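First the structure, in the form of structure tokens, and then the observations on it.
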Amino acid sequence: DTGVSQNPRHKITKRGQNVTFRCDPISEHNRLYWYRQTLGQGPEFLTYFQNEAQLEKSRLLSDRFSAERPKGSFSTLEIQRTEQGDSAMYLCASSLGTQPRTDTQYFGPGTRLTVL
Amino acid sequence: GDSVTQMEGPVTLSEEAFLTINCTYTATGYPSLFWYVQYPGEGLQLLLKATKADDKGSNKGFEATYRKETTSFHLEKGSVQVSDSAVYFCALRNVWGAQKLVFGQGTRLTINP
């Protein structure tokens, strides 16, 4: 299977702890996106990378959040000092990024974070 | 800012019924439009897309037409099956900058046999 993969699939942590999620995009996809989805809502954009460069961050991404994409391959999303409000599904998506109008984002299965 | 408004759910239908899920959008530019589906326990999957006005996207018996004049992209299917039970998300994506997806809140569809 060469789709987008995310690890772990589930993470339970205590408030105040740090957590890190990983996303492996589809091979050769230049763009990588992170979204957050809370219960009963649609996904909301957090940040995106063009190759290794992080080019836009949402206001939703507080100082406790940081994302990296070293060498333009996999990406990590770290949340420091987690809060109960961080509980959500964190989704990763990737796309080729070559044709703006037809470009399609493919999503991974997500990492469900529960902060106790 | 850009936004997507979907018909509120949940929606419950009998098998073989006709389905319409309404979607309207507000965008600063000329976006591409998408429907994604999320089956129970699975990730988001692209269902169909349309990239310019009057385009019709179709897949698995579902259709949606990009209506620029009414800023709408309603999802339709002529005869639904139990296996269509899922959450459906309408989304837009502008073609500059981050090209991020902006999603509606989702519509949960349940099909009864």
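The values are calculated or read from the model by the stated rules, or taken from the named source; none is laboratory data. Since the structure is predicted, the reported quantities are computational estimates derived from the model, not experimental observations. So basically every Cβ, Gly included, is an ideal-geometry build from the backbone, and we count neighbours across all protein chains shown.
Looking only at residues in segment B:23-42 that are farther than 17 Å from B:Ser83 by Cβ and not hydroxyl-bearing (Ser, Thr, Tyr), the one that is farthest from the chain's Cα centre (by Cα) is B:Gly29. What do you reckon, is A:Thr47 at pLDDT below 95 and within 12 Å of another protein chain (Cβ to nearest Cβ)? So A:Thr47 fails the test.
Among the residues of segment A:10-30, how many are within 12 Å of the chain's Cα centre (by Cα) and either at pLDDT below 95 or not hydroxyl-bearing (Ser, Thr, Tyr) (or both)? Result for segment A:10-30: 5.
The criterion of at least 1 residues that are small (Gly, Ala, Ser) and either more than 10 Å from every other protein chain (Cβ to nearest Cβ) or surrounded by fewer than 22 Cβ atoms within 10 Å (Cβ to Cβ) (or both) is met, among strands (runs of 3 or more DSSP E) falling completely within segment A:70-115, by A:75-79, A:88-95. Among the residues of segment B:12-21, the ones that are crowded, with 16+ Cβ neighbours inside 10 Å and more than 9 Å from B:Cys90 (Cβ to Cβ) come to 2 in all. Within segment A:21-37, does at least one residue satisfy the condition of being in contact (Cβ under 8 Å) with a residue 12 or more places away in the chain, touching a Cys at 6+ places or on another chain (Cβ under 9 Å) and part of a loop (DSSP other than H, G, I, E, B)? Within segment A:21-37, one or more residues are in contact (Cβ under 8 Å) with a residue 12 or more places away in the chain, touching a Cys at 6+ places or on another chain (Cβ under 9 Å) and part of a loop (DSSP other than H, G, I, E, B). Scanning segment B:42-61 for residues that are more than 9 Å from chain A (Cβ to nearest Cβ) and either closer than 22 Å to B:Trp96 by Cβ or of a type outside the set (Ser, Thr, Tyr) (or both) turns up B:Leu47, B:Leu48, B:Ala50, B:Ala53, B:Asp54, B:Asp55, B:Lys56, B:Gly57, B:Asn59, B:Lys60, B:Gly61. Would a scan of segment B:25-34 turn up a residue that is exposed (fewer than 15 other Cβ atoms within 10 Å of the Cβ), at pLDDT 95 or above and assigned to a loop (DSSP other than H, G, I, E, B)? No: segment B:25-34 contains no residue that is exposed (fewer than 15 other Cβ atoms within 10 Å of the Cβ), at pLDDT 95 or above and assigned to a loop (DSSP other than H, G, I, E, B). Could you go through segment A:63-85 and let me know if any residue there is more than 28 Å from B:Arg108 (Cα to Cα), touching an Asp or Glu at 6+ places or on another chain (Cβ under 7 Å) and of a type in the set (A, V, I, L, M). Yes, some residue in segment A:63-85 is more than 28 Å from B:Arg108 (Cα to Cα), touching an Asp or Glu at 6+ places or on another chain (Cβ under 7 Å) and of a type in the set (A, V, I, L, M). Checking each residue in segment A:50-69 for being hydrophobic (A, V, I, L, M, F, W, C), assigned to a loop (DSSP other than H, G, I, E, B) and surrounded by 14 or more Cβ atoms within 10 Å (Cβ to Cβ) picks out only A:Leu61.
Being part of a loop (DSSP other than H, G, I, E, B) and of a type in the set (A, V, I, L, M, F, W, C), is that true of even one residue in segment B:35-52?
Checking segment B:35-52: not a single residue is part of a loop (DSSP other than H, G, I, E, B) and of a type in the set (A, V, I, L, M, F, W, C).
Restricting attention to strands (runs of 3 or more DSSP E) lying wholly within segment B:68-113, give those where 1 or more residues are within 14 Å of chain A (Cβ to nearest Cβ), crowded, with 16+ Cβ neighbours inside 10 Å and touching a residue at least 60 places away in the same chain (Cβ under 8 Å). Hits in segment B:68-113: B:86-93, B:101-103, B:107-112. Screening the candidates B:Gly41, B:Gly78, B:Gly61, B:Gly97 for the property of being modelled with pLDDT of 95 or more and on the phi > 0 side of the Ramachandran plot yields one hit, B:Gly61.
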